[in-house]
1. List the equivalent ellipsoid semi-axes of segment 104-151 in whole Å, largest first, each obtained as the square root of 5λ for an eigenvalue λ of the Cα gyration tensor.
2. Report, to one decimal in Å, the Kirkwood hydrodynamic radius for the chain based on all distinct Cα pairs.
3. In degrees from 0 to 90, rounded to the nearest 10, what is the angle of the helix 2-21 Cα long axis to the longest principal axis of the chain?
4. Would you compute, from DSSP H runs of 4+ residues alone, the mean residue ellipticity of the chain at 222 nm, taking -39500 (n - 2.57) per run and dividing by the full residue count, rounded to the nearest 500?
5. Using the Karplus curve 6.51 cos²θ - 1.76 cosθ + 1.60 with θ = phi - 60°, work out ³J(HN,Hα) for each residue of segment 42-55 in order, rounded to whole Hz, and write x for Gly and Pro.
6. Please state the relative contact order of segment 75-183 as a whole percent: Cα pairs under 8 Å, 6+ residues apart?
7. Quick one: compute the contact order of the chain, relative version, from alpha carbon pairs under 8 angstrom and 6+ residues apart, as a percent.
8. Quick query: amide H of Trp55 versus all other amide H atoms, modeled in the peptide plane; which residues come in under 5 Å with a sequence gap of 5 or more or a different chain?
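None of the figures in this text is laboratory data; all of them are computed from the coordinates on show. Since the model is a prediction, treat every value here as computed from it, not as a measurement.
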Amino acid sequence: MKDAAIEIRQVLQRFQDGYVARDIHKLDEFMQLFVPGMEAELIGIGASARNQHEWFEGAERIREIVESDWKYWGDVRLGVDEAKITVNGEVAWLSTVGTLLQTNHIHSDEVTESTLQQMKEMLDDPTLTPRARLVETAHFGVRRWREREKPEGFPWPFVFTAVLVKQENQWRFHTIHWSMPVD
């Protein structure tokens, strides 16, 4: 079990390294850290409903959000060494903390345009009542605006949890969940 925990920590470090480098040309290589196909999930900080907004199912959708994170999000710093890792056969789970450091690129017109597009999608969501669309869109917009008002280097704390499975002698992420304290 100890060797498995070391291997899993190495996978977590490769995940961290990908988020530090943000090299879009290496995104396909980075995606090898995930279970292929539709089984994998990445649940973002704004998720509230399966496969909507920030709840991504399948490797293709996860690739989309990772690419967006690398282009538009702040600098992710995971507590790789502090991660608590539990292994049971071919399945493992981990939890750790991290910070998202505010960067200047978050103030760009491209990021603002992306936020507006997400808000338009929320307003057009037929699964929500008109009132819910208004409330969720307004909350999302105000939250994003508040994020942009913080100075460069501002540390947003978060919790990172994940489930990994061993496939073909390699540990891969099956489920990842990012969460931030309610503010």
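1. Working: eigenvalues 108, 27, 4 Å².
For segment 104-151, the semi-axes come out at 23, 12, 5 Å.
2. Working: mean 1/r = 0.0577 Å⁻¹.
Averaging 1/r across every pair of different Cα atoms and inverting gives 17.3 Å.
3. 40 degrees
4. On the way: 5 runs with 73 residues, N = 183.
When only DSSP H runs of four or more count, the value is -13000 deg cm²/dmol.
5. Here the 3J(HN,Hα) series is 10, 10, x, 5, x, 6, 9, 8, 3, 6, 10, 6, 10, 10 Hz.
6. On the way: 148 pairs, mean separation 34.1, N = 109.
In percent, rounded to a whole number, it is 31.
7. Values: 278 pairs, mean separation 47.3, N = 183.
It comes to 26 percent, rounded to a whole number.
8. Gly44
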